[in-house]
Amino acid sequence: MMTGLRILLGAAILGGLGAAAPFTPLWLISLVTLAMSTGLVVCGLIILWRGGLVPFGQALFFATGAYTVALSGRWFGVTDAFLLIALAVIMAALVAFVVGFLLAQYREIFFAMLSLALSMILYGVLVKSETLGSTDGVNVAQASFFGMKPRGPGYTFALFWLALGMVFLAWVGVSAYLGSIAGQLAGAIRDNEIRVEYLGISVTRLVHLKLTISAALAGAGGALAALSISHVDPQMAYWTTSGGFVFVTILAGAASVPAAFLGALLFEIVRTIAVALLPGGWQLILGSVLLLTILFVPEGLGSLMIRKRATISEKGAA
Amino acid sequence: MSALLSVKGLEKTFGQVVAARDINVDVPQGQTVGIIGANGAGKTTFVNMITGHLTPSGGTIQFEGRDITGLPSRKIMRLGIARSFQVAQVFPTFSVFENLCAATAIARSGSSVVGAALSRFVSAETSADAETALDQFRMGQFRDALASTLPQGVRKLLDIAMATAGNPRVLLLDEPTSGISLEEKFGLMDVIMGALKARGTTILFVEHDMEIVQRFADRVLAFYDGTVIADGAPAEALGDERVREFITGTLIRSKDGKLAASRASHA
Ligand SMILES: Nc1ncnc2c1ncn2[C@@H]1O[C@H](COP(=O)(O)OP(=O)(O)O)[C@@H](O)[C@H]1O
Ligand SMILES: [Mg+2]
């Protein structure tokens with residue numbers, strides 16, 4: 001659990017970033033906002049990862065969130081950013097709750113591939129369906145914030161501040177979850193399912209819960225991405241998008257929640273630089289970064305940030 | 001019927017193999033039952049059926065007058081029947097204390113997944129429970145050791161301590177002393193029984209060592225080929241001719257007609 005001090009510190013850092021926005025180039029603000037959307041998804045992946053589960057299809061929930069934003073605007077005229085994000089989170093969690101009855105039965109490679117399969121079904125539906133925008137996707141109208149409609153740079157700032165707020169909530173919420181019984185049992189599930197069952201709690205339901213929470217976060221990330229890019233398309237459900245999330249999770253490691261956002265930021269920066277340097281072969285650079293991470297920092301960047309394996313009693317005493 | 005646990009006509013077949021046939025046992029509250037039998041006699045199968053790990057092919061199991069036949073293990077556990085395993089089941093990457101916290105935390109969260117997401121893993125209560133268990137099972141010196149590094153005996157103790165976290169009314173121990181050296185066995189059983197007797201737990205334990213059975217059991221169930229061939233007070237059951245022939249291997253008459261008392265083979 002987090003102390004009040006840590007929460008204050010986190011709020012101060014995020015507040016400082018927010019205050020710096022007007023003095024920062026717009027392209028950088030957009031890049032960070034997009035990175036935060038990836039970071040939200042990765043926060044959710046950390047929850048699954050700790051339980052030994054790696055979904056290759058998390059883009060299913062990311063795209064669900066993004067399309068919920070686009071279609072709520074287009075079909076129902078919803079423009080309030082907070083409402084749009086809430087709807088996206090609910091939809092993504094709902095989809096996860098439904099597919100979870102199937103997915104939560106599986107582990108390891110089967111879990112990974114089944115999750116991939118489900119995301120590819122959504123991709124196929126999005127591509128084939130004219131009402132859902134087909135391959136062109138759907139434009140996202142500019143959102144309002146409690147009735148205010150900032151335009152131009154003001155809109156970019158507003159989205160950035162929104163992103164910082166979401167990061168704060170996700171950080172506090174996910175940290176609390178990771179300190180809960182269900183969160184701490186992740187390692188136990190990975191290590192010994194039989195023992196968990198015989199302590200009287202259902203492993204399947206625990207996995208189901210983890211999946212639903214991770215999907216809510218992916219939905220939030222998708223919503224933020226949709227607002228920030230002002231467009232959604234089927235690519236958001238494609239397996240390369242899911243692969244990117246897993247990439248960042250490896251980069252960040254599962255040790256710390258802030259690392260998810262730093263990892264996502266690093267990923268965006270490396271990708272931007274790589275595309276600029278090697279337009280046709282940026283994957284080469286990204287691949288090399290991943291290789292180096294796995295070779296030299298197998299537990300991710302987060303493991304560099306925190307002390308190795310603080311015992312739970314110490315964590316609990318905090 | 002005053003039995004706490006009541007088993008009637010229990011059967012289990014695995015294809016051609018009959019692992020349990022027509023088992024009938026009533027266990028009253030507070031009894032300590034020793035289960036004996038050669039390897040493959042069906043002892044683990046019996047434990048597995050009572051704890052919901054295996055669904056019986058026939059027969060019924062009642063606990064506190066309620067039919068629990070075929071319920072999932074998690075539900076049976078919640079009703080108050082816990083178990084340990086022949087191969088100790090602990091969380092290898094957790095310390096002993098963390099293992100106990102996991103067990104006490106789940107017990108305290110009421111075993112609901114949502115409850116588990118909303119309560120803290122280490123709270124004043126879970127730590128206090130875990131410390132009590134450490135003390136009762138005499139594992140204080142291993143408190144912060146990783147479970148994967150524990151000596152076999154301590155790992156078994158930890159497994160049992162975790163099983164008792166929810167204060168079960170019935171505890172089934174599958175070979176609690178297997179893999180433990182002869183000198184340590186009695187000490188281990190003393191710790192286990194000491195911790196459990198204080199709570200009035202009804203115990204069924206599978207054991208190969210007849211001296212241990214005689215010392216700790218109030219009653220002996222002898223398994224042979226999937227069925228119970230003797231059931232009674234230890235002296236009576238262990239003296240049974242078929243038990244001596246098939247299980248304890250002591251049916252070797254010496255010249256003066258007396259039975260040679262020898263330690264049971266571990267087959
Ligand atoms: N899952 C299973 N599948 C097939 N046969 C089994 C299974 N479990 C146990 N058996 C068989 O049932 C019989 C009883 O086994 P078990 O209950 O493990 O004996 P014990 O614990 O007394 O050594 C043995 O013949 C064993 O091979
Ligand atoms: Mg056995």
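The values are calculated or read from the model by the stated rules, or taken from the named source; none is laboratory data. Since this is a predicted model, take the numbers as computed values, not measurements. Methodologically, a virtual Cβ is constructed for each residue, glycine included, from the backbone with ideal geometry; neighbour enumeration extends over all protein chains shown.
Checking B:Thr60 against (1) in contact with a strand residue (DSSP E or B) (Cβ under 6 Å, 6 or more places away or on another chain); (2) more than 16 Å from ligand 1 (Cβ to nearest atom); (3) facing chain A (nearest Cβ under 10 Å); (4) polar (S, T, N, Q), which test does it fail?
(3)
Determine whether A:Thr249 is polar (S, T, N, Q), in a helix (DSSP H, G or I) and under 17 Å from the mean Cα position of the chain (by Cα).
Spelling it out, A:Thr249 is indeed polar (S, T, N, Q), in a helix (DSSP H, G or I) and under 17 Å from the mean Cα position of the chain (by Cα).
Taking B:Glu125 and the conditions (1) within 7 Å of another protein chain (Cβ to nearest Cβ); (2) over 24 Å from B:Val170 (Cβ atoms); (3) in contact with a Lys or Arg (Cβ under 7 Å, 6 or more places away or on another chain), which numbered condition does it fall short on, given that it satisfies the others?
Here B:Glu125 meets the rest and fails (1).
Name the residue, out of B:Thr51, B:Thr55, that is among the hydroxyl-bearing types (Ser, Thr, Tyr), within 16 Å of ligand 1 (Cβ to nearest atom) and surrounded by fewer than 18 Cβ atoms within 10 Å (Cβ to Cβ).
B:Thr55
Here are the criteria: (1) at the interface with chain B (Cβ under 8 Å from one of its Cβ atoms); (2) modelled with pLDDT under 90. Tell me which single one A:His208 does not satisfy.
A:His208 satisfies all of (1) at the interface with chain B (Cβ under 8 Å from one of its Cβ atoms); (2) modelled with pLDDT under 90 except (2).
Which numbered condition trips up B:Phe97, out of (1) crowded, with 21+ Cβ neighbours inside 10 Å; (2) more than 8 Å from chain A (Cβ to nearest Cβ); (3) not aliphatic (A, V, I, L, M)?
Of everything listed in (1) crowded, with 21+ Cβ neighbours inside 10 Å; (2) more than 8 Å from chain A (Cβ to nearest Cβ); (3) not aliphatic (A, V, I, L, M), B:Phe97 misses just condition (2).
Pick from the stretch B:1-31 the residues that are in a strand (DSSP E or B) and of a type in the set (S, T, N, Q): which of them is farthest from ligand 2 (Cβ to nearest atom)?
So, considering only residues that are in a strand (DSSP E or B) and of a type in the set (S, T, N, Q), the one farthest from ligand 2 (Cβ to nearest atom) is B:Ser6.
Is the stretch A:227-238 home to any residue that is within 14 Å of chain B (Cβ to nearest Cβ) and on the phi > 0 side of the Ramachandran plot?
Scanning the stretch A:227-238, I find no residue that is within 14 Å of chain B (Cβ to nearest Cβ) and on the phi > 0 side of the Ramachandran plot, so the answer is no.
From the set of residues in the stretch B:128-145 that are among the small types (Gly, Ala, Ser) and buried (at least 20 other Cβ atoms within 10 Å of the Cβ), which is nearest to the chain's Cα centre (by Cα)?
Selected residue: B:Ala133.
Residue pairs, Cβ under 9 Å, 6 or more apart or interchain, first in the stretch B:209-225 and in contact (Cβ under 8 Å) with a residue 12 or more places away in the chain and assigned to a helix (DSSP H, G or I), second within 16 Å of ligand 2 (Cβ to nearest atom) and among the acidic types (Asp, Glu). List them.
If the second residue must be within 16 Å of ligand 2 (Cβ to nearest atom) and among the acidic types (Asp, Glu), the pairs left are B:Val213/B:Glu207; B:Phe216/B:Glu207.
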